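Worksheet: the structure to be examined is printed underneath.
The values are calculated or read from the model by the stated rules, or taken from the named source; none is laboratory data. Model, not experiment: these values are computed from the prediction. All Cβ positions, glycine included, derive from the backbone under ideal geometry; neighbour counts span all protein chains shown.
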Amino acid sequence: MKRGRVAYSGGVHACTPHGDVRIRLEDGRVVEESAVVWLPPFEPRTVFAVGLNYADHASELKFARQKEPLIFLKGRGSLAGHRAQTRRPSDATSMHYECELAVVIGAVARSVPRNEALKYVAGYTVANDYAIRDYLENYYRPNLRSKNRDAATLLGPWLVDAADVPDPGALALRTRVNGRITQRGHTSDMIFSVPLLIEYLSEFMTLAPGDVILTGTPAGVVNLNPGDVVITEIDGIGSLVGYIAGDAKYHVVTGKA
Amino acid sequence: MLSMYPDQYAPVPGTVYGAVLNFHADLAGLAGQLHQPPYLAPPQAPVLYIKPANTWIADGGTITIPAAAAGTAGVQVAATIGLVIGTPASRVTEEKALEHVSALRVVNDITLPHESVYRPAIRQRCRDGFCPIGPAIPLAGPATFLANCRMRTLINGVLQHEWSTKELVRGPGRLLADVSEFMTLWPGDVLLLGTPRAAPLARAGDRVRVEAAGLNALENELVLCAKEVA
C-alpha cells in the first residue's frame with residue numbers, strides 16, 4: 001500500500017494513488033495530483049542521513065571508503081514534499097541533487113541486530129537531499145549550511161509499506177534533470193546496507209516511529225540551475241519531483257545581495 | 001514520543017540545534033590546526049549539530065552512559081542556554097534577532113569526549129538522555145541580559161566549571177542571525193549557545209547539576225549501562 005499526505009482545499013489529508021495523475025483523499029474525494037500541495041508522507045521525528053554510502057559516489061568526491069557510517073542529522077525546517085521548490089542562492093556555483101532511499105522506522109528499536117532490523121521498518125519513500133557544495137566547511141562536515149537549508153530535503157510522494165518491499169537492497173534508482181537521466185544506481189551497492197544502518201544506530205540510540213534514515217546517494221551528481229526540474233525515482237517506491245528556483249524568483253525583493 | 005525513559009522524557013516541539021567552536025578559547029586552542037588537514041581553513045559559518053528526540057530528558061532523569069565512558073574517560077557535561085524561538089526567524093539581523101526568542105531553556109549538553117570536529121559527532125553527542133533540558137521559561141522582553149551571564153556546572157555538589165556568555169565568539173543575537181541566514185528557525189525550535197571543549201568530565205554514579213543565567217537548575221544522575229555491567 002502507498003500512502004501520502006497533502007494539503008488541499010484548506011485542510012491536510014491522507015491520500016492514496018488513484019490512477020496515474022489523480023489521488024484519492026481519505027474522505028473519498030478524487031483530485032488531480034497537481035492540484036494539491038504535497039507534504040512529506042509521514043510525520044518525521046529524527047531525520048538521519050548517511051554520507052558517502054556508495055563507493056562510486058565516494059570516489060566521485062575523492063573520499064576513501066568509510067570504516068564507520070558517516071551519519072548526519074537534519075532539522076524539521078529542511079524537509080519538504082513532492083513538487084517542492086528549492087532555492088538556489090545566486091552566489092552558489094555547485095548545487096546538486098541526491099537521490100536516496102529513505103527508510104522509515106515503525107517500532108521502537110534499541111540494540112537491534114542486523115538480521116532482525118527490517119522488522120522495525122514501517123516503509124520506504126524517496127528522498128532528494130540537495131547539497132550546496134560552495135557552503136561546505138570541514139567542521140562537522142557535511143555542515144548544516146550546506147545540507148540543512150530550508151526545503152532542501154524532499155521526501156515523497158508515497159510512503160510504501162515495508163510489506164510491499166521485500167528487499168530494500170534490491171532497488172534500482174535514478175535521477176532525471178529536465179528529462180535526461182543523469183544518475184543511475186542500485187541499492188545493492190550501498191557500503192552500509194539498511195539492516196546494518198539500523199543495527200549501527202540502534203546500538204547507541206533508541207529509534208522510534210517516524211525516525212527516517214536517508215541512506216545515501218550513488219555516483220552521478222551534476223550541477224543544477226534555476227528552472228531545472230529534478231526527478232529522483234526508485235523502482236517500486238516512487239518518483240519525486242523537485243523544482244530549482246533562483247533568487248530572482250524565490251525572493252521577489254531580495255533581502256540581501 | 002517515548003524514548004528509553006518514558007517517565008523522564010522532556011518534549012520539545014521542534015528541533016534542538018547547538019553550536020560548537022563558539023568559544024574564543026576553543027578557536028585559540030585549535031589555532032595551529034585550523035589551517036591544516038582536515039580543516040584547511042578556520043570556520044566561517046556557525047558550526048552546528050542537532051540534539052535529536054532520544055536525547056531529551058527531564059530534570060531528575062537518569063542518564064545511562066556506556067561502559068567505555070565509565071572509567072577514566074567519562075562524559076563531558078556542561079550548562080548552556082537554549083534560545084526558544086517564538087516567531088519564525090529567517091534572515092534576521094543581529095539587532096532584531098532576540099525579538100524572535102520567546103523563552104529560554106536550561107540545558108546540560110552532554111557528549112562523549114572527541115578531539116576531532118571534522119565529522120558530525122553523532123555517536124558521541126546523540127546518545128539516549130544526552131540532552132537534559134528544562135522547561136521553557138517565558139521572557140517578558142528581548143533577552144539582552146544574555147550578553148553577560150554565567151553558566152555553572154556542578155558534579156556531586158562541587159562547582160567544576162563556569163563560563164560566561166562574554167566568552168562566546170557569537171553571542172545570542174549574532175548566532176541566531178547567522179544561523180537564520182541559511183535556515184529558518186521555527187516556533188518551538190531551540191538554539192543552544194554552545195559549550196566549551198574544556199567542559200568537565202563526569203562518570204557513572206555522579207550527580208550533575210547545571211545552572212544557567214540564574215534561571216533554574218537541572219540535576220541528573222549518571223548510571224552505567226545495565227547491559228554492559230552484565
Scanning the range B:79-121 for residues that are buried (at least 23 other Cβ atoms within 10 Å of the Cβ) and closer than 23 Å to B:Leu34 by Cα, which turns out nearest to the other protein chains (Cβ to nearest Cβ)? B:Pro120
Where in the range B:36-115 are the strands (runs of 3 or more DSSP E), entirely inside, with at least 3 residues that are within 25 Å of B:Glu181 (Cα to Cα)? B:47-51, B:79-85, B:101-108
Evaluate the range A:126-140: report whether one residue or more is within 14 Å of chain B (Cβ to nearest Cβ), part of a strand (DSSP E or B), in contact with a helix residue (DSSP H, G or I) (Cβ under 8 Å, 6 or more places away or on another chain) and within 26 Å of A:Glu43 (Cβ to Cβ). yes
Exactly one of B:Arg105, B:Arg125, B:Arg119 is free of Cβ contacts under 8 Å to residues at least 60 places away in the same chain, out of contact with any Asp or Glu (no Cβ under 6 Å at 6 or more places or on another chain) and within 24 Å of A:Gly77 (Cβ to Cβ), and that one is B:Arg119
Quick one: B:Val179 ticks every box in (1) out of contact with any Ser or Thr (no Cβ under 9 Å at 6 or more places or on another chain); (2) modelled with pLDDT of 95 or more; (3) closer than 22 Å to B:Tyr9 by Cβ bar one, so which box is it? (3)
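Determine whether A:Arg83 is at negative phi and among the charged types (D, E, K, R).
So A:Arg83 does not fit the description; no.
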Please return the ranges of helices (runs of 4 or more DSSP H) entirely within the range B:118-230 where 1 or more residues are touching a Phe, Trp or Tyr at 6+ places or on another chain (Cβ under 9 Å). B:122-125, B:172-180
If you go through A:Ser111, A:Ser59, the only one that is in contact with a helix residue (DSSP H, G or I) (Cβ under 8 Å, 6 or more places away or on another chain), of a type in the set (Gly, Ala, Ser) and over 30 Å from B:Gly188 (Cα atoms) is A:Ser111
Filtered residues of the range A:24-53 (kept if within 11 Å of chain B (Cβ to nearest Cβ) and touching a Cys at 6+ places or on another chain (Cβ under 8 Å)): none
Mind checking which residues of the range B:146-186 are under 13 Å from B:Thr93 (Cα atoms) and among the aromatic types (Phe, Trp, Tyr)? B:Phe182
Only one of these is touching a residue at least 12 places away in the same chain (Cβ under 8 Å) and assigned to a helix (DSSP H, G or I): A:Ala117, A:Ala151. Name it. A:Ala117
Go through the range A:206-226 and give me each residue that's within 16 Å of A:Val50 (Cα to Cα), within 14 Å of another protein chain (Cβ to nearest Cβ) and of a type in the set (A, V, I, L, M). A:Leu207, A:Val212, A:Ile213, A:Leu214
Selection from the range A:141-157 of residues that are touching a helix residue (DSSP H, G or I) at 6+ places or on another chain (Cβ under 7 Å) and facing chain B (nearest Cβ under 8 Å): A:Arg145, A:Asn148, A:Arg149, A:Asp150
